[in-house]
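Worksheet: the structure to be examined is printed underneath.
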Amino acid sequence: MAYALVTGASKGIGKAIAEQLASKKINLLLVARSGDLLQSVAKNIAEKFNVKVDHLPADLSRADAAHAVFDWCVKNNFEIEILVNNAGYGLSGLFEKYTPEENMNMMQVNMFTPVLLCQLFLPMLKRQKKSYILNIASSAAYQAVPYLSVYAASKAFILSYSRGLRHELKKTNVSVTAVSPGSTDTDFVVRAQIGEKGLQTAKKVNMTAEAVAKMAVKSMFAGKAEVITGFINKLGAFMVWLMPKNLVEKTAMRIYE
């Protein structure tokens, strides 16, 4: 039996993606830190969409997390046909405000764990008739963002990695898509400790997690390489390309300082 594996699936975009996939009668494996909430989400999706849903509480900031997820799938004979690397978070403020451990944990979740999951599951994905990797990047991937420096850089990494991997797998049955949401109505701003100016700016362009998920899943099945959600975010990425980097970075800094 084939499944879609979704990380960061207990809330926000991850949960919405899981629901989108379940609405298409795709069985799910859900992974997130919050065990009780994840169990509740898994139960509700299974009942609402009449699909098989299993779940694994896991802290993806741990270096061994990807291996734990992979071993769980192998042990239970779960065949993966869709891998959704959605889990991720940001830390807002001065780089030196955070400890090395805090920054490394974020990089582990945003960069290292997704890459390792791709590497571990790739042989399994290649066994399927058609399979997909969906990596969630961010509109922040298109520029340096002062006061979100490490987060923006980690998303630039995952975007670049996704595009490169897509070309490597071009002649296989595995399609790779990177989706870059902008400001979305999730708990991201709370965990990232975004300041008031950033919050007010975000409110003007917020998308719902459901709208982002619908676009992400549609783009994945369409085999698209890279998608920025929302017209304003697409326009922003174009302006970043068009304008001098120093000006773009100073503008971003005024929002998040």
Number of positions in segment 148-173 that are buried (at least 22 other Cβ atoms within 10 Å of the Cβ) and over 14 Å from Met111 (Cα atoms) | 1
Take the residues in segment 57-85 that are in a strand (DSSP E or B) and in contact with a Gly (Cβ under 9 Å, 6 or more places away or on another chain), then tell me which one is surrounded by the most Cβ atoms within 10 Å (Cβ to Cβ).
-> Val84
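For every residue, the table says whether it meets (1) aliphatic (A, V, I, L, M); (2) part of a loop (DSSP other than H, G, I, E, B).
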{"position": "Gly14", "(1), (2)": "no, no"}
{"position": "Val31", "(1), (2)": "yes, no"}
{"position": "Ala42", "(1), (2)": "yes, no"}
{"position": "Ala87", "(1), (2)": "yes, yes"}
Any chance segment 112-130 includes a residue that's closer than 23 Å to Leu29 by Cβ, part of a loop (DSSP other than H, G, I, E, B), in contact (Cβ under 8 Å) with a residue 40 or more places away in the chain and of a type in the set (S, T, N, Q)?
-> yes
So, first residue more than 21 Å from Val109 (Cβ to Cβ) in segment 31-49, second residue aliphatic (A, V, I, L, M) and not in a helix (DSSP H, G or I), Cβ within less than 6 Å, six or more apart or across chains; the pairs are Ile45/Val53; Ala46/Val53
Would you confirm whether any residue within segment 74-82 is touching a residue at least 60 places away in the same chain (Cβ under 8 Å) and closer than 15 Å to Ala213 by Cα?
-> yes
Here is a list of conditions, (1) surrounded by fewer than 20 Cβ atoms within 10 Å (Cβ to Cβ); (2) under 28 Å from Gly182 (Cα atoms), and Ala46 meets all of them except one; can you say which number that is?
-> (2)
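The numbers here are math on the coordinates, done by the rules we state, and not lab data. It should be emphasised that the depicted structure is a prediction, and the values quoted were computed from it without experimental measurement. Virtual Cβ from ideal backbone geometry, glycine too; neighbours counted across all protein chains shown.
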